[in-house]
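Structure first, commentary second.
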Amino acid sequence: MTAIRPALLLLGLAIAGCDLEPPRGTQIGALREPEPPPAPPSDIDEIDLEAAVADAFAVAAASTLASAWAVHEDRLDIDGAPHCPEIWIGPLPEDVTDVDMDDEDDPGMSWLADCATPAGIGWAGWAHWTAALPTGTASDRTFSGDLAVTDANGVALEIDGEASDSVDTSGVYTYTSSFAGELLGSLVTEGGIRGELDASWSADGSFSLFGAITDLDGFGPPDTRDPETAPEVGFDGWTPGMPRFTSVRYDLSLEPTVCGVEPSGYLGIRGNEGFWLDVYFLPIYDPAEDSAQSNAFPFELIENQTCDGIGTLFARNLLLEDPSGSGTAADTTLAREVAPDFAAIVGSMPAPMPSDDLITLREVTESP
């Protein structure tokens, strides 16, 4: 979630100086919808949003270097052959990769290939990676590439982008990853992912996610809407039973010492028809500050800003009412609430260990 840019802040101050009501803040990048607002999806009352949020975290777990590292390492170890691909110590020339990989402390390892092994495994493109030898409690890795590994079933691994990650077990176990690019292949994800994500999670339940990822094969429950009664599904490519969601945007962080059950920020999931559903949790800016940012949209519309694990659902910036009918006649504005089990979600996230980062002697001796 981004802070207000200086130009916008100055504009707000200028308007305030003219005794006009200043614009509400910019907690979310999306613009408010014009009047009349669009109707939410016809199945909005039926979606299991707690499960959808858990699925969105599974997309985040797949959008890390850990997802690609083990598969790439296994393919070299199992399917690689002498000279296909050729592996050597050091980076590739910059005119080949268009990426600056100079690192005097760790030259890393590389391959560049357009070949096939006797077993029929195809290697095309290039890759460069580094792996700092672990101290026993910490390790760091980097990877960049534009590559495809194919087998009899098609694409087994395809990477176009760069990523880095680290593991620290000196205190509370913590995994951190930064991913930017595209990751596909039958050995990594079913349909593939594309986007950018900075992520971390720890054994104490804390986590941080920032970025946006598209799941190329979709995620979430099957879409059971009837086109006869749900006109929003009448778009090209829609088929009954296809995954309900396609993309996730993250701006979430949770610190157990602050609130062990509810993060700050929001998580948005995009329906396959293009409709964004956003779940807002605690405000990033302290409401006690009473600043333009702490009072910014949409938090000024959210009544529940307590540390209780409950988020509030918005659909295209519209505050949705609770479909359960739990509101009283005197309270018809009760917002729909979502309460994911973040402790269970973070507990299920993958946990690479420092020993996973070793460059094995076999890999080195296979270098030409």
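A few notes on this one:
- Sorting the segments 203-209, 303-309 by their residues' average number of neighbouring beta-carbon atoms within 10 angstrom, most packed first, yields 203-209, 303-309.
- Under 11 Å, Cβ to Cβ, from residue 151 - net charge with Lys/Arg +1 and Asp/Glu -1: 0
- Charged neighbours of residue 124, selected by a Cβ distance under 10 Å, balance to -3 (K, R count +1; D, E count -1).
- Calculated FRET efficiency for the pair residue 289/residue 216, C-beta based, R₀ 35 Å, to 0.05: 0.30
- Projected label distance in nm at residue 81 and residue 239, using a 7 Å step from Cα toward the beta-carbon: 3.5 nm
- With viscosity 1.567 mPa s and temperature 4 °C, the Kirkwood radius over alpha carbon pairs of segment 39-354 converts through Stokes-Einstein to a diffusion coefficient of 60 µm²/s.
- The listed peptides 252-264, 228-240, 120-132, ordered by packing as a protection proxy, come out as 120-132, 252-264, 228-240 (highest mean of other Cβ atoms within 10 Å first).
- Estimated FRET transfer efficiency (residue 255, residue 160; beta-carbon r; R0 41 Å; 0.05): 0.75
- At R0 = 22 Å, FRET efficiency that the Cβ-Cβ distance of residue 138 and residue 94 yields, to 0.05: 0.15
- Gained length - residue 229 relative to residue 320, 0.36 nm times residue gap less alpha-carbon distance: 30.7 nm
- Euclidean distance between Cα centres, segment 154-212 to segment 114-151, Å: 15 Å
- Dipole magnitude (debye, nearest 20) for segment 39-354, charges at Cβ of Lys, Arg, Asp, Glu: 500 debye
Throughout, read-outs are computed from the coordinates displayed, never taken from laboratory work. Quantities reported herein were computed from a predicted structural model and do not represent experimental measurements. All Cβ positions, even for glycine, are placed from backbone atoms using ideal geometry, and neighbour counts span all protein chains on display.
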